[in-house]
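Scroll down for the structure; my scribbles are underneath it.
The values are calculated or read from the model by the stated rules, or taken from the named source; none is laboratory data. Since this is a predicted model, take the numbers as computed values, not measurements. Ideal geometry is used to build each Cβ from the backbone, glycine not excepted, and the neighbour counts take in all protein chains shown.
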Amino acid sequence: MTTRTPAPPRDSGPATTLAPPVATRRMTARLPRQAPPVAVRTAGLAEAPTVRLPVVTSASPTRTTSGSGARVRGIDAARGLALLGMIAVHTLPTSENGELTTVGLLAGGTSAALFGVLVGLSVALLTGRRRVDLRGGSFRSHALRLAVRGLAVGVLGLALGEAALGDVDIILTYYGVLFLLAVPLILLPTRGLFALGAALAVVAPVTSHLVRTSMPPAELIDPSFTALVTDPAGLVGTLFFTGAYPIWPWLTYLCVGLAVGRLSLTRTRTAAVLAGSGVLLVVVAAVVSHLALVTAGGLGQILANPGLPTEELQAALTEGPNGVTPATTWWWLAVDTAHSSTPLDLARTVGTSLAVLGAMLLLDRALAHGGAATWARVVGAVRSPLAAAGAMTLTFYTLHVVVVGLAPTAEPWTLYLVQITVALLVGLLWQRFVGRGPLEAGVSRLTDVVAPASRPAADRPAGRPWLSALVAAAVLAAVVGGAFAVAGLAEGPAADTASSSATSEEGDAPDGPVVEEDTAEADQPSVSEDASEQQDTGQPDTGQDAADEGE
């Protein structure tokens with residue numbers, strides 16, 4: 001055993017001494033070639049957890065990402081569908097002979113509601129898809145950035161309203177205010193947002209109905225700089241209660257979208273639940289509305305107290321009113337027609353929004369599993385221009401308003417096909433060779449300049465949820481309460497003017513039985529008879545859908 005054990009070499013010392021220089025020479029020879037790729041890989045791995053959140057925070061709405069940082073194309077595709085639907089209801093007939101057309105049935109009211117839900121979803125993406133902590137600088141940074149974004153979108157809406165292009169009810173000012181009201185909502189947990197959205201779907205229409213009983217009739221005007229300067233109280237009342245897209249009930253869409261945006265949108269189960277629950281909401285809203293109006297006799301009460309000229313009543317019961325229903329009877333809250341902002345309308349349009357979003361997310365998962373299959377390539381190629389247009393909704397919506405205003409007498413189908421062709425092709429080419437849309441990039445750049453995104457030193461879970469909930473509730477109560485108060489201030493002068501004009505008319509009118517007989521004869525036809533006579537005259541949609549900030 002001992003004879004086989006080798007003795008240590010005599011030159012082990014020198015060999016040991018010479019080994020480090022050889023190793024050093026080899027290391028120094030390798031380092032210049034390997035250092036750059038190692039540095040790049042190390043930087044990418046180290047920054048992956050922190051880069052994702054700043055990208056979401058500072059990105060324009062075209063940067064639709066999931067929690068893993070991968071882009072969720074289904075969200076852009078949903079925006080694209082909403083954009084095409086909005087262009088359709090502003091360009092094509094939505095009713096004929098007192099009946100809804102296919103365009104009115106599929107896109108009337110649902111396109112604008114989908115954009116409302118997507119506003120909340122965008123806020124979720126911009127705030128990292130989780131509840132923001134009230135402590136530290138994270139909340140201040142997110143709040144300032146949302147405020148800048150909302151003001152930019154709102155100012156653009158006021159400018160379009162000032163231009164008074166066509167009959168499109170411009171929605172951007174309403175959406176700008178929704179971005180501002182999202183600031184306290186980002187403090188709430190996901191379940192709290194779902195609960196608040198469900199509560200607002202009932203409470204907001206009821207309280208709005210109470211307020212509007214004492215308010216003057218709504219004037220169908222777009223918010224503009226002139227209205228802001230000459231009648232700010234009236235503008236607040238229009239934005240929150242009587243406008244085409246009243247913010248008070250539309251907070252339902254914001255809460256639902258913000259909560260949905262925090263879910264795992266890349267999971268098949270999440271997409272399926274969204275689609276299924278959306279379909280269920282649509283069915284329940286339709287059944288309850290039918291039972292209330294037909295079985296319980298609510299329609300007869302509405303016809304007896306319409307609150308609308310007879311020529312507008314049929315249109316309101318088919319296409320829907322322009323933003324809100326009359327406040328003459330509580331039975332108006334049982335309708336589920338487009339843009340009525342009733343509890344059943346909110347439930348129906350939230351349902352259609354969730355169904356569309358869930359379907360587009362399911363398509364995402366199907367394409368991901370399809371891989372290189374032929375059908376996956378074909379469907380992906382068809383979806384690409386739709387998603388590209390959806391990533392530039394702010395730009396294309398603004399262009400749409402201008403085009404409709406400059407070409408009001410164009411043939412409807414020609415005008416529609418030209419607009420959607422431009423949106424699909426230009427959107428695809430622009431996104432491929434340029435990137436963000438011009439207005440989307442401008443809003444994002446302005447936000448970055450005015451409110452640079454903060455990068456917290458370390459992420460920590462949001463604490464004290466009860467404190468955040470109290471702050472959010474206090475801010476929302478203050479804002480909405482202020483809107484109620486300002487709307488009440490606007491009632492006084494309008495009511496005085498109306499009463500004085502009525503008094504003067506009564507003083508000028510001659511007294512006598514002849515006037516009474518003529519008036520009675522003129523008022524003899526019943527509302528229901530007049531409404532049936534109006535069934536053959538469909539009222540065109542005056543523009544009730546629009547795009548949001550480009551999500």
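The table below gives the values:
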{"quantity": "Residues being surrounded by fewer than 19 Cβ atoms within 10 Å (Cβ to Cβ), among the aliphatic types (A, V, I, L, M) and either within 28 Å of the chain's Cα centre (by Cα) or closer than 15 Å to residue 349 by Cβ (or both) - total across segment 273-313", "calculated": "8"}
{"quantity": "Enumeration of residues in segment 375-429 that are assigned to a loop (DSSP other than H, G, I, E, B), surrounded by fewer than 22 Cβ atoms within 10 Å (Cβ to Cβ) and hydrophobic (A, V, I, L, M, F, W, C)", "calculated": "407, 410"}
{"quantity": "Which numbered condition residue 102 misses (of (1) surrounded by fewer than 19 Cβ atoms within 10 Å (Cβ to Cβ); (2) touching a Pro at 6+ places or on another chain (Cβ under 7 Å))", "calculated": "(2)"}
{"quantity": "Hits in segment 154-181 (condition: farther than 15 Å from residue 247 by Cα, aliphatic (A, V, I, L, M) and not in a loop (DSSP other than H, G, I, E, B))", "calculated": "155, 156, 158, 159, 160, 163"}
{"quantity": "Single unsatisfied condition, residue 130 versus (1) part of a loop (DSSP other than H, G, I, E, B); (2) in contact with an Asp or Glu (Cβ under 6 Å, 6 or more places away or on another chain)", "calculated": "(2)"}
{"quantity": "Members of segment 306-327 found to be part of a helix (DSSP H, G or I) and in contact with a strand residue (DSSP E or B) (Cβ under 8 Å, 6 or more places away or on another chain), listed by number", "calculated": "315, 318"}
{"quantity": "Segment 319-374, residues that are crowded, with 20+ Cβ neighbours inside 10 Å and β-branched (Val, Ile, Thr)", "calculated": "324, 325, 335, 337, 342, 349, 350, 352, 356"}
{"quantity": "Selected residue (only one of 376, 366 is closer than 20 Å to residue 272 by Cα and in contact with a Leu (Cβ under 6 Å, 6 or more places away or on another chain))", "calculated": "376"}
{"quantity": "Residue list for segment 328-374, restricted to those being out of contact with any helix residue (DSSP H, G or I) (no Cβ under 9 Å at 6 or more places or on another chain) and part of a helix (DSSP H, G or I)", "calculated": "374"}
{"quantity": "For residue 466: the one exception among (1) modelled with pLDDT of 65 or more; (2) within 25 Å of residue 193 (Cβ to Cβ)", "calculated": "(1)"}
{"quantity": "From 197, 116, 161, residue being farther than 26 Å from residue 441 by Cβ and not aliphatic (A, V, I, L, M)", "calculated": "197"}
{"quantity": "Any hit, segment 168-189, residues being among the hydrophobic types (A, V, I, L, M, F, W, C) and in contact with a His (Cβ under 7 Å, 6 or more places away or on another chain)", "calculated": "yes"}
